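The values are calculated or read from the model by the stated rules, or taken from the named source; none is laboratory data. These numbers were taken from a predicted model, which means no experiment stands behind them. Note that we place each Cβ from the backbone using ideal geometry, even for glycine, and neighbour counts take in every protein chain shown. The protein model used for the area step is the full one, side chains on, heavy atoms only, and it has no ligands, DNA or RNA in it. Shrake-Rupley method; radii C 1.70, N 1.55, O 1.52, S 1.80 Å.
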Amino acid sequence: MNWQATVLTLFPEMFPGPLGLSLAGRALEKGLWTCRTEDLRQHGLGRHRAVDDTPFGGGAGMVIRPDVVDAAFAASQTPADVPRVYLTPRGRPLTQQDVRRYAAGSGVLLLCGRFEGVDERVLQAHDVEQVSIGDYILSGGETAALVLLDACVRLLPGVMGCEESGVEESFSEGLLEYPHYTRPAEWEGRAVPEILLSGNHAAIAAWRQKQAEEITRERRPDLWSAWLARKERNMAEAVGGAAQTDHFGV
Ligand code: ADE
């Protein structure tokens, strides 16, 4: 069984969009994943197939009706164990941990909002996770859904070759990656760091680790604090573990 993405949207033509090309596109052709859409408009009401209405309590913009979203959920016939995710700037931030969880399952059901958002009751009724891809406002959830799917698809078995899959590691460890260089060794008066030409693999690994740490500390103090805390915990555990081994060894 392949991994199945189902997207509830007012713009089904936006899918698979850029995911029909390159790595995800080849995986789509190989049948490693599928991308279905459910057009919210098909479930709209009346002659104009209205999907939205004015917000109770007043205020600007329009809100997508719960009955319309509910009908689209039902029509999508997605199994109950598939995570339901609503893309919204009000959601919790998407992390690589979420992406790994989604990719490890049988697929995802994504709800893309437009206008002011979706009626809260239908999100509660269907146990929908609310997820944001960052602290900025997009014109709709579709491009956020494409980002989430891209991140998932590259992790599916058979999608990446060994060469590409190695790249993931340093972020998994919680640090940003060290900088990369290739030929020419000197370009427009800028030389590659000499250590990289030394052939000393241990020294190169140490240099890269230091670069990763410095860049993370500078650019992402949040990741840096988390990494330091984890390192400390691991060290404490290692000490505790050794004591325990001693104990059992007696
Ligand atoms: N819809 C609009 N902005 C968004 C964001 N930052 N993340 C997820 N969905 C969105």
Label points 7 Å out from Cα along the Cβ direction at T34 and E116: separation in nm? 3.8
Alpha-carbon Rg with Dmax, taken over the range 1-47, Å: 12.9, 42
Mind giving me the nanometre distance, one decimal, between the label points for A191 and S22, set 7 Å out from Cα along Cα→Cβ? 3.4
Does the range 1-98 come out rounded, prolate or oblate by the C-alpha gyration tensor, with a ≥ b ≥ c the root eigenvalues, rounded set by a/c under 1.5 and, if not, prolate when a/b is larger than b/c and oblate if not? prolate
Please list the equivalent ellipsoid semi-axes of the chain, computed as the square roots of five times the alpha-carbon gyration tensor eigenvalues, in descending order and whole angstrom. 42, 24, 20
GNM, the chain, Cα, under 10 Å: largest mean-square fluctuation among T182, T88, T37? T182
Estimated FRET transfer efficiency (V239, E13; beta-carbon r; R0 45 Å; 0.05): 0.20
For C162, C35, give me the order by solvent-accessible area with a 1.4 Å probe, most accessible first, ignoring ligands, DNA and RNA. C162, C35
Computed lengthening from T95 to E232, 0.36 nm per intervening residue step minus Cα-Cα distance: 47.1 nm
Helix-only mean residue ellipticity at 222 nm, the chain, DSSP H runs n ≥ 4 weighted -39,500 (n - 2.57), per residue, nearest 500. What is it? -12500 deg cm²/dmol
